[in-house]
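Note sheet for the following structure.
The values are calculated or read from the model by the stated rules, or taken from the named source; none is laboratory data. These figures come from a predicted structure and were not determined experimentally. All Cβ positions, glycine included, derive from the backbone under ideal geometry; neighbour counts span all protein chains shown.
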Amino acid sequence: MAEKRTSAFRYGVGMFGTSLPINMFRGFASAFYVIKLGLPMKSLSLILFIYTFIDAIDNPVYGILSDNTRTRFGRRKPWLVIGAPLFTLFFILFFAPPASLKQGGLFAWALIFYIITGTLDSLLNANYGALFPELFPEEEKRARTNGIRQIFQLVAMVIGIALTPMITSAIGYTLTAVIYGALALAVVLYMAFGIRELPQEKVGEKIKILPALISMVKTKNFWIAGVANAFYSAAMSLVLASVPFFIKYSLNLPDSQGTYVLGSVILVAILGVVLWSYLVKAKGVLPIWRAALITLAVSFIPLYFSSNLLTAILSSVLVGLGFAGVISTMDIIGAKIMDEDYQKYGVKREGIYSSAMGFMNRLSGLFVSLATFLAASIYSFESGDNPGPRPDDAARFMLTIFPFGLLILGIVVSFFLKFTIKDAVREIPTEETTESNE
């Protein structure tokens, strides 16, 4: 019987749902708590530092649970269906602290709900990411599907990042979070109920936790790609979180003008994904990944010298181009690492690898925490109520100087990555076997 597989669109649109609220969460947590509510910058730095270590525990746990789940609905689908509404609830609560909270209470609220929201995001992404190599085993199909889902991610960023300053200025952070959360929940559930996983009899035995962890730790490519992507993730996290500071303190413009800078990055990235995806098919994923990292690093040089809205927008074009290249390649590299593991050990454990790679990206939290701590210490930036004598320099440091250094390190590490095993052949669900999953 002819194969009936998950459509690239149905899977790809899920990226919109997983990206929309988390972009607001990571991009505007600092603007909301530090600038608007007056939480000290060092307190936010401490929250990011604490969460990074919690994330080190939850990611492998979610991966193991996902890989060892056996239901007639699949391995990943139940976790997506359960996790999506919980994530939505706590995401909204993060942006809805009681007005009566003072500094100590505000810190506690931010800490608790940052951790819960972040760990539920890890749960969703561990399962969503694990589906990618299983559903789309051929590299050409992966490039096409990844291009589709990255475009959906960028559309989510247009809304969740670029338009958020304008939206929150009009209706506030809490109502914005409610709208984003509800929209994301609907999309994730639509995606989850349409995926076609391998049937239980083709999944294989449950993984043994200790051997799986040992073999992963011994995988050189996992560490190389993970560290390089951690540097990249930290750089982009800082960029997204620092634009409101840059707009307010370096360019002396209203907060809403951040929409134009962020919008320039994302709109160029949408077009850039098409170009980079074509280059991946033509030249292979490794050289294009490195070229994208180099492009992104170079982009911070003109951005540093931007002195008005026009020059900031023009500089952001190059940032968007490099950003598009990295997101067009990094997930394909991760899928190839999972292929190598499957070919070498014959065990399907995409969940633990996806979650572990997610954790490596989340190591970026340490660098973001360090950057905010240094900005607070070097430039005496305390909070929106007391920005210190040099808030413009603090904003440039977080937006350009620190991210540039991180990307240089990522570029160096990327040249150690090499693939020596041919693409693994994976079983693909057919119409006959997938009907039982619906």
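Which one is farthest from G181 (Cα to Cα), of the residues in the stretch 154-164 that are modelled with pLDDT of 85 or more and surrounded by 24 or more Cβ atoms within 10 Å (Cβ to Cβ)?
The qualifying residue farthest from G181 (Cα to Cα) is L154.
If G325 meets every condition in (1) farther than 30 Å from Q103 by Cα; (2) in contact (Cβ under 8 Å) with a residue 60 or more places away in the chain; (3) not basic (K, R) apart from one, which number is that one?
G325 satisfies every listed condition except (2).
Being under 30 Å from V347 (Cβ atoms), in a helix (DSSP H, G or I) and within 22 Å of the chain's Cα centre (by Cα), is that true of even one residue in the stretch 250-268?
no
Cβ contacts < 6 Å: first residue of a type in the set (S, T, Y), restricted to the stretch 336-365; second residue not in a helix (DSSP H, G or I), any location; separation 6+ or different chain. Result?
Pairs that qualify, where the first residue is of a type in the set (S, T, Y) and the partner is not in a helix (DSSP H, G or I), are Y342/A424.
Suppose we filter the stretch 286-303 for residues that are touching a residue at least 60 places away in the same chain (Cβ under 8 Å), out of contact with any Phe, Trp or Tyr (no Cβ under 8 Å at 6 or more places or on another chain) and either within 17 Å of L240 (Cα to Cα) or surrounded by fewer than 22 Cβ atoms within 10 Å (Cβ to Cβ) (or both); how many remain?
Counting residues in the stretch 286-303 that are touching a residue at least 60 places away in the same chain (Cβ under 8 Å), out of contact with any Phe, Trp or Tyr (no Cβ under 8 Å at 6 or more places or on another chain) and either within 17 Å of L240 (Cα to Cα) or surrounded by fewer than 22 Cβ atoms within 10 Å (Cβ to Cβ) (or both) gives 2.
Which residue, of T168, T176, is modelled with pLDDT of 95 or more, under 30 Å from G272 (Cα atoms) and surrounded by 18 or more Cβ atoms within 10 Å (Cβ to Cβ)?
The match here is T176.
Residues of the stretch 164-200 being free of Cβ contacts under 8 Å to residues at least 40 places away in the same chain, assigned to a helix (DSSP H, G or I) and small (G, A, S), which ones?
Once the filter is applied, which keeps residues that are free of Cβ contacts under 8 Å to residues at least 40 places away in the same chain, assigned to a helix (DSSP H, G or I) and small (G, A, S), the stretch 164-200 yields only A170.
Give the residues of the stretch 74-106 that are in contact (Cβ under 8 Å) with a residue 60 or more places away in the chain, over 26 Å from G351 (Cβ atoms), aliphatic (A, V, I, L, M) and part of a helix (DSSP H, G or I), sorted by residue number.
I92, L106
Among the residues of the stretch 389-401, how many are surrounded by fewer than 24 Cβ atoms within 10 Å (Cβ to Cβ) and either touching a His at 6+ places or on another chain (Cβ under 9 Å) or more than 15 Å from N252 (Cα to Cα) (or both)?
Matching residues across the stretch 389-401 total 2.
Which condition number in (1) surrounded by fewer than 18 Cβ atoms within 10 Å (Cβ to Cβ); (2) part of a helix (DSSP H, G or I); (3) of a type in the set (S, T, N, Q) is the one that S122 fails?
(1)
Please tell me if V265 is more than 20 Å from G410 (Cα to Cα), in contact with a Pro (Cβ under 9 Å, 6 or more places away or on another chain) and surrounded by 24 or more Cβ atoms within 10 Å (Cβ to Cβ). It would help to see each step written out before you state the result.
On the way: more than 20 Å from G410 (Cα to Cα): yes; in contact with a Pro (Cβ under 9 Å, 6 or more places away or on another chain): no; surrounded by 24 or more Cβ atoms within 10 Å (Cβ to Cβ): yes.
Against the criterion (more than 20 Å from G410 (Cα to Cα), in contact with a Pro (Cβ under 9 Å, 6 or more places away or on another chain) and surrounded by 24 or more Cβ atoms within 10 Å (Cβ to Cβ)), V265 does not qualify.
Within the stretch 350-370, track down each residue that is of a type in the set (A, V, I, L, M) and assigned to a helix (DSSP H, G or I).
I352, A356, M357, M360, L366, V368, L370
Within the stretch 234-262, work out how many residues are under 30 Å from V412 (Cα atoms), hydroxyl-bearing (S, T, Y) and modelled with pLDDT of 90 or more.
Looking only at that region, the number is 0.
How about the stretch 224-263: which of its residues are of a type in the set (S, T, N, Q) and within 24 Å of N361 (Cβ to Cβ)?
Listed by number, the residues that qualify are N229, S233, S237, S242.
Give V347, V319, V326 a once-over and let me know the one that is touching a Ser or Thr at 6+ places or on another chain (Cβ under 6 Å) and either modelled with pLDDT under 85 or assigned to a helix (DSSP H, G or I) (or both).
V319
Consider F381 against the criteria (1) surrounded by 19 or more Cβ atoms within 10 Å (Cβ to Cβ); (2) over 23 Å from the mean Cα position of the chain (by Cα); (3) within 19 Å of A234 (Cα to Cα): it satisfies all of them except one. Which criterion is unmet?
(3)
Every residue, every condition in (1) surrounded by 24 or more Cβ atoms within 10 Å (Cβ to Cβ); (2) of a type outside the set (G, A, S); (3) in a helix (DSSP H, G or I); (4) at pLDDT 85 or above, yes or no:
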site	(1), (2), (3), (4)
K4	no, yes, no, no
F28	yes, yes, yes, yes
I50	no, yes, yes, yes
G63	yes, no, yes, no
R72	no, yes, no, no
A108	no, no, yes, yes
